[in-house]
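Notes follow the structure.
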Amino acid sequence: MLHGTSKIVVISRTIPVQTRIFAARKGIGKNIVTEINQALLKLDKNISEHAKILYRGEIGGFQKARDEDYNSIRVLMGAGK
């Protein structure tokens, strides 16, 4: 245990939030975004080659998200929608 950490008390917790977010900049063709999305969503941590990719990125996997899925983060930042 780190010195003095026994005195730390958790007084509150936030909702779990995503820590790895991938977004495309304006101007990138929809076909490129679609291809990249499909490739990332196909990564399976139970397939050895895929697991290596995910491990190197410290990522457990990908799931499709919508803009409104991040409203809770906006609220935490004080920029609620």
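None of the figures in this text is laboratory data; all of them are computed from the coordinates on show. Keep in mind that this is a model prediction, so the values were computed, not measured. Every residue, glycine among them, receives a Cβ derived from its backbone with ideal geometry; neighbour counts consider all protein chains shown.
Provide ARG74, ARG20, ARG13 in ascending order of the number of other Cβ atoms located within 10 Å of each residue's Cβ, fewest first. Display every interim value, and only then the final one.
Values: ARG74 13, ARG20 9, ARG13 6.
So the residues, fewest neighbours to most, are ARG13, ARG20, ARG74.
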Inset, instruction - Please give the helix 30-42 orientation as an angle from the longest Cα principal axis of the chain, in degrees from 0 to 90, rounded to the nearest 10. - result: 60
Inset, instruction - Report Rg (one decimal) and Dmax (nearest whole number) for the chain, counting Cα atoms only, units Å. - result: 17.8, 53
Legend entry - Residue of ILE59, ILE15, ILE36 that the Gaussian network model of the chain assigns the largest fluctuation, springs spanning Cα pairs under 10 Å: ILE15
Inset, instruction - Please name whichever of TYR70, GLY57, LEU43 sits farthest to the positive end of the charge dipole of the chain, dipole taken about the Cα centre and charges placed at Cβ: Lys and Arg +1, Asp and Glu -1. - result: TYR70
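Using the Cβ atoms and a cut-off under 11 Å, what net charge is assigned to the surroundings of LEU43, where Lys and Arg are +1 and Asp and Glu are -1? It would help to have the intermediate numbers written out before the result.
Numbers: positive: LYS42, LYS45, LYS52; negative: ASP44, GLU49.
The answer is +1.
Treating the beta-carbon of each Lys and Arg as +1 and of each Asp and Glu as -1, no other charges, what is the dipole magnitude of the chain about its Cα centre, to the nearest 20 debye?
Details: 14 positive and 7 negative charges, 38 e Å.
Approximately 180 debye in magnitude.
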Inset, instruction - For segment 10-22, take each phi angle, set θ = phi - 60°, evaluate the Karplus expression 6.51 cos²θ - 1.76 cosθ + 1.60, and give the result in whole Hz per residue in order, putting x for glycine and proline. - result: 7, 9, 6, 9, 8, 5, x, 10, 5, 10, 10, 10, 10
